[in-house]
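The values are calculated or read from the model by the stated rules, or taken from the named source; none is laboratory data. The structure displayed is predicted, hence computed values, not measured ones. All Cβ positions, even for glycine, are placed from backbone atoms using ideal geometry, and neighbour counts span all protein chains on display.
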């Protein structure tokens, strides 16, 4: 037996092996013949690691449950204690040298009945939670031993999507910022697009972020596909929707072909082709078609579309989409800015949609994610750059229900299913995982589960995680702020960890209002009400 085994504390014997689950009877304590019952040592608890020597290997598992049979007080001779373990992996033993190889997932040699079980030592934890050999970053420390760092594998994390789930106040935003900072510190030429619905992240990345808001955002209407255009110009509740859709289709098609110009090849143009067209041409088409009608009442669908165009064009809130008298083909400039190509010292774009009018925010999100995916789809594979899309409040844009606007759900769902083929990765962040589309969540191969007190959310996350994480999932309601259960391809084995603390200047602005300190005295600021009303009217979130 090697030295670590001799130094380890024996906790029991194997009494049952079923697949990856092992049952262990805990060793008796007390003097021989005293008849005292079994009792777990202090280092035997749910979530702890234990090891079992076999003939050819050392098998490691995580304690998932503890129980006592025939309990009594005071303890009687019939009282026995058991634990259940989920096997995680093994370290094979070299037959010649007797030395054990590095820990690896999966078990090829199962423990036998009667095999001795030992509590893991610090060295064992260091082997199980060892730093990956592939590119990796540190994000925290192991819960069982805070002196041991916790790492995630970058390519496994980003290449196969990941999710950050947890109730409000559990540290989701800080977790996202921590992960991104850790990755971008090592990879300053990254390409990250972060959707920020609450203006939390604009100060968290300093000079390395390109912050885009409605005040400096430029997403021209002609980048919308036809489904998104219908949502903006017609809506879902229009009484003559089918008629208006047909009219709008013909108008857009003609406007795009006229922009390309007569004598030039326009055969490739459809209503979804991202080429510019002029709103004025659209209105001219509507006027011309109305002039050919015999009955005034048949002009109502045309008038509805025209009125909607005029309303949007004159509303300053929609200026980022319907501004300017002139139209130019600036699609390359827009995509270069959003995707950070070239990076130019700013590897992350933060898109602040908090000031986007609520009636079209879903359309804007749909346009952004769909356009980014289409760019990756049509990009030369030899020249393409991987892109990470971070979607805060993901349950809003990818809901379980299909009652909401379907285009955003469809765009993000397509990235979840096909994005990795084209170098587009997805990070979903939500405080209500039970409201998130299960099809999309199932595509996330790494999950950071923070504290959850809502039972439906706990059940939903539990159903999405592997059996090997069952012991950790049960601790979700008891997690402290900055603690997380991490499961999936990004880590060697499921792990409970404490996230590293971000310096104040790198934290998102997501803290709750400090009522107790603010309400102790009258701290009213002169002009506060007037200033707020002015920002309100100008739709300026700052």
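Return yes when residue 263 is surrounded by fewer than 17 Cβ atoms within 10 Å (Cβ to Cβ) and outside the structural domain of residue 176 (by TED's automatic domain parsing) and no when it is not.
yes
Of the residues that sit in the range 31-59 and are assigned to a loop (DSSP other than H, G, I, E, B) and more than 42 Å from the chain's Cα centre (by Cα), which one is modelled with the highest pLDDT?
55
Please pick out the residue among 440, 429, 491 that is touching a strand residue (DSSP E or B) at 6+ places or on another chain (Cβ under 9 Å) and buried (at least 24 other Cβ atoms within 10 Å of the Cβ).
None of the others qualify; the one that does is 440.
In the range 347-378, which residue that is part of a loop (DSSP other than H, G, I, E, B) and modelled with pLDDT of 90 or more is surrounded by the most Cβ atoms within 10 Å (Cβ to Cβ)?
Restricting to residues being part of a loop (DSSP other than H, G, I, E, B) and modelled with pLDDT of 90 or more, the top hit is 353.
What number goes with the only condition from (1) surrounded by fewer than 22 Cβ atoms within 10 Å (Cβ to Cβ); (2) on the phi > 0 side of the Ramachandran plot that residue 161 does not pass?
(1)
Return the pairs, sorted by first residue and then second, in which the second residue is surrounded by fewer than 12 Cβ atoms within 10 Å (Cβ to Cβ), the first residue lies in the range 56-72 and is assigned by TED's automatic domain parsing to the domain that holds residue 20, the beta carbons are less than 9 Å apart, and the residues are 6+ apart or on different chains.
These pairs meet every condition: 56/95; 69/78; 70/78; 72/78.
Show me the helices (runs of 4 or more DSSP H) entirely contained within the range 285-342 in which 2 or more residues are surrounded by fewer than 17 Cβ atoms within 10 Å (Cβ to Cβ) and in contact (Cβ under 8 Å) with a residue 12 or more places away in the chain.
300-314, 331-339
Looking only at the range 100-155, how many residues end up being touching a strand residue (DSSP E or B) at 6+ places or on another chain (Cβ under 8 Å), free of Cβ contacts under 8 Å to residues at least 60 places away in the same chain and not in a helix (DSSP H, G or I)?
The number of residues fulfilling the criteria is 14.
With the checklist (1) modelled with pLDDT of 90 or more; (2) over 28 Å from residue 358 (Cα atoms); (3) in contact with a helix residue (DSSP H, G or I) (Cβ under 6 Å, 6 or more places away or on another chain) in hand, flag the one item residue 476 doesn't pass.
(1)
Is it true that residue 308 is touching a helix residue (DSSP H, G or I) at 6+ places or on another chain (Cβ under 8 Å) and not assigned by TED's automatic domain parsing to the domain that holds residue 206?
Taking the combined requirement at face value, the residue satisfies it.
Could we say that residue 339 is touching a strand residue (DSSP E or B) at 6+ places or on another chain (Cβ under 8 Å) and not assigned by TED's automatic domain parsing to the domain that holds residue 208 here?
So residue 339 passes the test.
For residue 502, indicate whether it is at pLDDT 90 or above, closer than 25 Å to residue 201 by Cα and not in a strand (DSSP E or B).
When the stated conditions are applied, residue 502 passes them.
Please list, ordered by first then second residue, the pairs with beta carbon atoms under 7 Å, 6 or more apart or interchain, first in the range 374-397 and at positive phi, second at pLDDT 90 or above and surrounded by fewer than 23 Cβ atoms within 10 Å (Cβ to Cβ).
Close Cβ pairs satisfying both conditions: 393/197.
Quick one: would you say residue 491 is within 30 Å of residue 59 (Cβ to Cβ), in contact (Cβ under 8 Å) with a residue 40 or more places away in the chain, in a loop (DSSP other than H, G, I, E, B) and within 17 Å of the chain's Cα centre (by Cα)?
Here the answer is yes, as residue 491 does meet what is asked.
Do you know which residues across the range 60-114 are buried (at least 17 other Cβ atoms within 10 Å of the Cβ), within 31 Å of the chain's Cα centre (by Cα) and more than 16 Å from residue 27 (Cβ to Cβ)?
60, 61, 62, 64, 86, 87, 88, 89, 90, 103, 107
So, in the range 435-451, of the ones that are more than 23 Å from residue 196 (Cβ to Cβ) and touching a residue at least 24 places away in the same chain (Cβ under 8 Å), which residue ends up nearest to the chain's Cα centre (by Cα)?
Among those residues, the one meeting the criterion is 445.
Report yes if residue 23 is under 41 Å from the mean Cα position of the chain (by Cα), over 20 Å from residue 495 (Cβ atoms), loosely packed, with under 13 Cβ neighbours inside 10 Å and at pLDDT 85 or above, otherwise no.
Answer is no for this residue.
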